[in-house]
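Worksheet: one structure, shown below.
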Amino acid sequence: MNEKKKYRVIGSVLYCILKLLSRTLRIKIINESGVDLPASNYIVGFWHDKLLIPTLITPGFFQKRAVLVSPSKDGELISVPLEKSGFEIIRGSSGENSVSGLLSLMRCLKRGFSIGTPLDGPKGPRLKAKAGLLYLSQKTGVPLLPVGGQYRRKLILKKTWDRFQIPLPFTTIVCILGKPWSPPDDGELERCAESVEQILNDLNDRAAAYL
């Protein structure tokens, strides 16, 4: 078995595990700004350590959804459960200079898809927003929908760069949908990234208060 097939097999097993896990979870969704999610498309932004939260909740809101996945081995692994969950997979990186990935995302937005990818992915630094998706929002006019959350009980993978979090069975997840946000047309992306970092961190802190 070649390496790609091996990772796809592992990804299929991972999908089955996540499917079983999701049936045991209690999920609370707090829509702070009362956004009518199906009425428009968004660029969904979140931190990499909370990747499972938007993966679990977005199928209930967006029929047309796409996700940017790294072309790395890790990307191949997670692409299978995302694909089986109804996401269209786009290969590439979210960096401002990653032309191919950004163009593919732009085409998806024009087709009415909502897109998402961790703002600090695929390899960090942890909790530091990259400019790619902010640039995309600035150029297309599609707002960023910040998503925060917390697990009541979780496993933290301390050896991973992002300290990835996995909810334990039968626990509660709180997900907070923030107010849609767009960078100013003439805004400096570095300053915009700092604003988004604060928004996401605040959402995660507030989510903890609901547990």
What label, among (1) 31; (2) 28; (3) 22, belongs to percent of Cα pairs over 28 Å apart computed from the structure on display? (3)
Karplus-derived HN-Hα couplings along segment 172-178 (A = 6.51, B = -1.76, C = 1.60, θ = phi - 60°), whole Hz, x at Gly and Pro: 9, 10, 10, 10, 10, 8, x
Ranked from fewest to most other Cβ atoms within 10 Å of their own Cβ, Thr140, Thr117, Thr58 fall in the order Thr140, Thr58, Thr117
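If each residue of separation counts as 0.36 nm, what is the full-extension length gain between Glu3 and Tyr210 once their alpha-carbon separation is subtracted? Write out the running numbers ahead of the final one.
On the way: separation 207, 0.36 × 207 = 74.52 nm, distance 4.26 nm.
That works out to 70.3 nm of additional length.
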Roughly speaking, what is the stretch gain from Ile29 to Gln63, that is 0.36 nm per residue apart minus the C-alpha to C-alpha distance, in nm to one decimal? 10.5 nm
Looking at the chain, send over the antiparallel percent of its DSSP beta bridges, to the nearest 5. 35
Lys and Arg at +1, Asp and Glu at -1: neighbours of Ile57 with Cβ under 13 Å from its Cβ sum to +4
So, R0 is 30 Å and r is the distance between the beta-carbons of Glu194 and Met106; what FRET efficiency does that work out to, to 0.05? 0.80
Set the bar at 21 Å for Cα to Cα. Now go through Lys50/Lys154; Lys5/Lys73; Lys84/Lys130; Lys84/Lys154; Lys128/Lys159 and name every pair that lies beyond it. Lys84/Lys130; Lys84/Lys154
Which residue fluctuates most in the GNM of the chain (Cα springs below 10 Å): Glu88, Glu190, Glu76? Glu190
Would you calculate a helix-derived [θ] at 222 nm for the chain, using -39,500 (n - 2.57) for each DSSP H run of n ≥ 4 and dividing by the full residue count, to the nearest 500? -12000 deg cm²/dmol
Taking amide hydrogens as modeled 1.01 Å from N in the peptide plane, which residues meet the under 5 Å criterion relative to Gly45, leaving out close sequence neighbours? Leu145, Val147
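Only the coordinates and a few stated rules stand behind these numbers; no lab work does. Not measured: the values here are computed from a predicted model. Cβ sites come from the backbone with ideal geometry, for glycine too, and all protein chains shown count toward neighbours.
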